[in-house]
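**Student:** Got a structure here, written out as structure tokens. Questions coming.
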Amino acid sequence: MSLAGAGLSGLLSAQRALEVVGHNVANASTPGYSRQRVELTTARPQSGVGAGQIGTGVKVAAIRRTVDQFLAGRVQGAESQLGTAETFASGVGEFEEMWHQGGETIGASMTALANAAEELAARPDDVVLRTQFIDQAQDLARRVRGLAEDTVQLRSDLGQSVAVDLDEANGLVQEVKALSLDIRSIEVSGQAPNDLIDRRQLAIRALSRLVGAEASENGSGGTVLRVGGRILLSGQNAETLSATQDGNGIAVVRLGDEVVELEGGQVLGVQQAQAAGLAAEGELDRLAQSVMQAVNRANAAGVPASGPYALLQSAFPVVDHNGNGISTDGPLALSGLPFAPSATTLQVSVTDPGGVRTTTPIAFDPATGSLDDLAAALDTVPFLNVSTSSSGILSLGAAPGYGFDFADLSGGDPDPGGLLASLGFGAVFKGHDAASMDVALASPGDLALGWTASPGDGRNATRIASALSDGSALLEGATPSGFLGGIISQQGLVARRANSSLESSGATLDALEDRIQSVSGVSLEEEVADMLKFQQAFQASARFLQVINDVSTTLLGIVN
């Protein structure tokens with residue numbers, strides 16, 4: 001190569017370097033852009049005579065992205081964690097606000113119901129107070145149902161966002177797939193597709209934020225994406241992400257036909273928030289079941305103002321648990337009752353026309369005994385007629401002129417196993433969970449406020465009030481109000497922890513972003529310095545060529 005060739009290579013190399021500087025400056029604010037640098041190397045020297053090899057100038061060896069692959073991998077992980085923390089904190093924050101407002105109204109309604117029961121204990125024959133008690137019971141049931149329905153609706157709304165996120169993720173997978181194909185074709189031609197690699201990396205980061213995707217390269221230089229340990233993309237083979245729901249309404253992510261357990265990303269945060277809402281809903285069910293069972297048990301142990309019962313039917317039918325077509329022949333504990341009964345001894349009292357009351361204890365174990373067995377045992381009580389229906393209802397009827405009840409005048413528990421409440425005898429509430437809680441009493445007159453029919457007997461109203469304020473075995477010894485307060489406090493604690501995790505994840509990503517910027521970000525000051533350097537190199541090469549041209553002209557003139 002001639003001296004002019006060396007100068008020309010310097011001129012062209014400086015021009016290419018200036019083009020890269022201009023590209024860096026133009027993309028200084030472009031998301032995901034990595035600063036590019038021209039790598040210069042000496043051209044192959046020319047063998048000279050005597051003095052040895054003579055340099056032939058400079059050439060552009062490569063234009064490379066300035067990146068730290070280790071940091072890039074850590075950023076993907078941080079994006080995944082932040083995506084999870086963001087949606088989880090948002091979801092549990094909504095649950096916490098809902099439960100704070102709904103819980104306060106439920107607590108106030110439970111207090112009002114207990115106060116109404118205490119007022120009835122003092123004035124059990126007051127029809128207005130009886131009506132107010134039923135109204136308060138209906139208000140409590142309505143508020144509990146409302147909170148349960150709102151919780152279910154919020155879980156459903158969160159689940160709908162999963163489908164949107166997965167659609168976006170599938171679009172990003174196709175983008176990575178297309179970019180990888182373009183990148184590969186350019187690399188085969190010996191060029192560096194720097195901008196396309198940046199775009200692919202930005203898409204992978206977005207995938208990490210959505211579904212916790214992890215990226216790597218296969219042996220042939222293609223991109224491999226994994227979610228939950230499963231391959232989402234390998235080369236040009238891509239799977240599709242989709243969403244379904246499990247039996248509890250929690251979003252389930254499928255990769256192709258298989259369920260995949262995500263390890264990070266926004267969708268995982270939604271699933272975790274849904275699970276937190278489901279757990280709170282389960283606690284509300286426990287609260288509702290405790291209140292319903294306790295009040296029902298108390299009311300079943302009393303006597304209405306009209307006197308002992310002449311006819312009484314169970315409100316909760318048993319179901320056929322063994323599939324033989326007969327609902328009344330299986331153990332009651334397995335027969336689908338809203339409250340699980342345990343072994344008990346019922347105090348069945350029959351009052352004759354002269355007012356003489358005779359009590360017969362009836363021992364029964366629902367773990368082994370069926371509704372038919374219970375009917376047979378009760379049928380041994382004199383002047384009590386018992387029958388069961390094909391629909392699983394137990395009917396009790398007194399002989400003409402007689403009446404019956406289950407009160408224990410000694411103040412003991414006439415049904416320690418809760419069998420009467422499980423079957424729904426004298427039930428104030430009906431339902432099996434918070435979403436189905438409702439009032440069962442047809443009339444305020446059905447309230448059994450005394451242990452006898454004597455005017456002014458409000459001893460059972462006191463028991464009903466205690467049922468709303470005493471500790472419950474279903475609530476691990478907590479009172480209904482205390483248990484409700486615990487649920488609300490737990491929701492607040494979960495929300496605070498979620499926000500703390502969000503702040504931590506955000507700080508981690510910010511720190512990594514700062515480090516990425518220090519390595520790959522465009523510094524305008526540095527670019528200006530490079531621009532001046534290559535501008536001077538360009539001018540010097542141009543001047544060199546001018547000198548060579550002048551020398552060549554002079555030599556030609558001398559020779560000629």
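**Student:** Express the accessible area of region 370-429 per residue in Å², computed with a 1.4 Å probe while the remaining protein chains stay in the model.
**Tutor:** Numbers: 1930 Å² over 60 residues.
The answer is 32 Å² per residue.
**Student:** Calculate how steeply helix 459-469 sits against the longest principal axis of the alpha-carbon atoms of the chain, using the helix alpha-carbon long axis, and give the answer as 0 to 90 degrees to the nearest 10.
**Tutor:** Orientation of helix 459-469: about 10 degrees from the principal axis.
**Student:** When all protein chains stay in place, what accessible area (Å², nearest 10, 1.4 Å probe) is found for Val60?
**Tutor:** Its heavy atoms expose roughly 50 Å² to the probe.
**Student:** Cα to Cα, under 16 Å, and not fewer than 8 places away if on the same chain: which aspartates and glutamates meet these conditions relative to Lys430?
**Tutor:** Within reach: Asp135, Asp139, Asp285, Asp438, Asp446.
**Student:** Under 19 Å Cα to Cα from Lys533, which aspartates and glutamates show up? Leave out anything in the same chain fewer than 8 places away.
**Tutor:** Hits, sequence-local ones excluded: Glu19, Glu39, Glu525.
**Student:** Work out how much length Glu476 to Arg254 would gain on full extension: take 0.36 nm times their residue separation and subtract the Cα-Cα distance, in nm to one decimal.
**Tutor:** Working: separation 222, 0.36 × 222 = 79.92 nm, distance 3.84 nm.
So the chain would gain 76.1 nm between Glu476 and Arg254.
**Student:** Show me the three semi-axes of the equivalent ellipsoid for region 361-493, from the C-alpha gyration tensor (sqrt of 5 times each eigenvalue), largest first, rounded to whole Å. Mind showing how you got there, number by number?
**Tutor:** Values: eigenvalues 188, 78, 45 Å².
Semi-axes (√(5λ), whole Å): 31, 20, 15.
**Student:** Where in region 84-102 is the amide nitrogen less than 15 Å from a point lying 7 Å along the Cα-to-Cβ axis of Val164?
**Tutor:** What the label zone holds, given the 15 Å backbone N cut-off, is 87-88, 90-91.
**Student:** Hey, with R₀ at 41 Å, roughly what FRET efficiency would His100 and Gln517 work out to, going by the Cβ-Cβ distance, to 0.05? Walk me through the numbers on the way to the answer.
**Tutor:** Details: r = 41 Å, r/R0 = 0.99.
About 0.50, to the nearest 0.05.
**Student:** How much accessible area does Ile63 have with a 1.4 Å probe, in Å² rounded to the nearest 10?
**Tutor:** The value for Ile63 is about 40 Å².
**Student:** Find the eigenvalues of the gyration tensor of the Cα atoms of region 408-560, then list the square roots of 5 times those eigenvalues as equivalent ellipsoid semi-axes, largest first, in whole angstrom. Numbers along the way, then the final one.
**Tutor:** Details: eigenvalues 1895, 47, 24 Å².
For region 408-560, the ellipsoid semi-axes come out as 97, 15, 11 Å.
**Student:** Report the full-extension gain for the segment Gln138 to Ala376: residue separation times 0.36 nm, less the Cα-Cα distance, to one decimal in nm. If you can, show how the numbers build up before the last one.
**Tutor:** Values: separation 238, 0.36 × 238 = 85.68 nm, distance 3.56 nm.
Full extension of this stretch gives 82.1 nm more.
**Student:** Place a label point 7 angstrom from the Cα of Val386 along the Cα-to-Cβ direction, then list the residues of region 275-319 whose backbone nitrogen is under 14 Å away.
**Tutor:** Counting only backbone N, you get 312-314.
**Student:** Moving on to the next point. With θ taken as phi - 60° and the coefficients 6.51, -1.76 and 1.60, list the Karplus ³J(HN,Hα) couplings across region 438-449 in order, rounded to whole Hz; mark glycine and proline as x.
**Tutor:** Coupling constants for region 438-449: 7, 8, 9, 5, 7, 8, x, x, 7, 5, 9, 8 Hz.
**Student:** Rounding to the nearest 10 and keeping the result within 0 to 90°, find how far the Cα-based axis of helix 480-520 lies from the longest principal axis of the chain.
**Tutor:** Once rounded, the angle reads 0 degrees.
**Student:** Only Lys, Arg, Asp and Glu count, each charged at its Cβ (+1, +1, -1, -1), so figure out the dipole size of the chain about its Cα centre, rounded to 20 debye.
**Tutor:** Numbers: 34 positive and 63 negative charges, 492 e Å.
It works out to roughly 2360 debye.
**Student:** Continuing with the same structure: Lys/Arg Cβ at +1, Asp/Glu Cβ at -1, dipole of region 259-410 taken about the Cα centre: which of Ala363, Phe404, Leu337 is farthest positive-ward?
**Tutor:** Going by the Cα projections, it comes out as Phe404.
**Student:** Quick one: putting +1 on the C-beta of Lys and Arg, -1 on the C-beta of Asp and Glu, what dipole do you get for region 1-120 around its Cα centre, in Debye to the nearest 20?
**Tutor:** On the way: 8 positive and 11 negative charges, 400 e Å.
The dipole magnitude comes to about 1920 debye.
**Student:** Given Ser189, Ala215, Gln236, which one lies farthest toward the positive end of the charge dipole of region 123-242, if we put +1 on the Cβ of every Lys and Arg and -1 on the Cβ of every Asp and Glu?
**Tutor:** Ranked along the dipole, the leading option is Ala215.
**Student:** Compute the convex hull volume of the Cα atoms of region 239-366, divide it by the residue count, and report the result per residue in Å³ as a whole number. Show your work: numbers first, answer last.
**Tutor:** Details: hull volume 22.3 nm³, N = 128.
Expressed per residue, the convex hull around the Cα atoms of region 239-366 is 174 Å³.
**Student:** As an exercise, use a Förster radius of 22 Å and the Cβ-Cβ distance of Glu149 and Gln245 to find the FRET efficiency, rounded to the nearest 0.05.
**Tutor:** With a Förster radius of 22 Å, E is 0.80.
**Student:** Using 20 Å bins from zero, what percent of all Cα-Cα pairs in the chain falls into each bin?
**Tutor:** 17, 30, 21, 15, 9, 5, 2, 0
**Student:** Right, here's the next one. With +1 on each Lys and Arg Cβ and -1 on each Asp and Glu Cβ, and nothing else charged, work out how big the dipole of region 324-436 is about its Cα centre, in Debye to the nearest 20. Intermediate results must be reported in sequence, preceding the final value.
**Tutor:** Working: 2 positive and 11 negative charges, 41 e Å.
Taking the Cα centre of region 324-436 as origin, the dipole is about 200 debye.
**Student:** Can you give the extra length, in nm with one decimal, that the chain gains between Arg37 and Ala340 once fully stretched, where that is 0.36 nm per residue apart less the Cα-Cα distance?
**Tutor:** Working: separation 303, 0.36 × 303 = 109.08 nm, distance 7.42 nm.
Between Arg37 and Ala340, full extension yields 101.7 nm more.
**Student:** If you don't mind, there's one more thing I want to ask. Any idea which of Phe429, Leu493, Ala85 is furthest toward the positive side of the dipole for the chain, if Lys and Arg beta-carbons carry +1 and Asp and Glu beta-carbons -1?
**Tutor:** Ala85
**Student:** How about region 207-294: which GluC sites (Glu not before Pro) there are in a DSSP loop, with at most 14 other Cβ atoms within 10 Å of their Cβ?
**Tutor:** Working: sites: Glu214, Glu217, Glu239, Glu258, Glu261, Glu263, Glu281, Glu283; in loops: Glu239, Glu261, Glu263.
Passing sites in region 207-294 are Glu261.
**Student:** Further question on the same structure: Take every Cα-Cα distance within region 314-381, group them into 5 Å bins from 0 onward, and report for each bin the whole-number percent of pairs it holds.
**Tutor:** Histogram of Cα-Cα distances, whole percents per bin: 4, 17, 22, 22, 15, 9, 7, 4, 1, 0.
**Student:** By how many degrees, between 0 and 90 and to the nearest 10, does the Cα long axis of helix 194-211 differ from the longest principal axis of the chain?
**Tutor:** Value to nearest ten degrees: 10.
**Student:** What FRET efficiency comes out for Leu409 versus Thr368 if R0 is 41 angstrom and r is the Cβ-Cβ distance? Round to the nearest 0.05.
**Tutor:** Step by step, r from the Cβ atoms, then E = 0.85.
**Student:** For a test of the definition: using alpha carbon positions, the gyration tensor, and the 1.5 limit on a/c, classify region 309-438 as rounded, prolate or oblate.
**Tutor:** Values: a/c = 1.76, a/b = 1.51, b/c = 1.16.
Prolate.
**Student:** Using every alpha carbon pair in region 248-307, what percent of pairs falls into each 5 Å bin from 0 up to the bin containing the largest distance?
**Tutor:** 4, 15, 14, 13, 10, 8, 8, 7, 6, 5, 4, 3, 2, 0
The values are calculated or read from the model by the stated rules, or taken from the named source; none is laboratory data. Since this is a predicted model, take the numbers as computed values, not measurements. When we count neighbours, we look across all protein chains shown, and the Cβ atoms used for this are built from the backbone with ideal geometry, even at glycine. Side chains included, ligands, DNA and RNA excluded: accessible areas come from the protein's heavy atoms. Shrake-Rupley method; radii C 1.70, N 1.55, O 1.52, S 1.80 Å.
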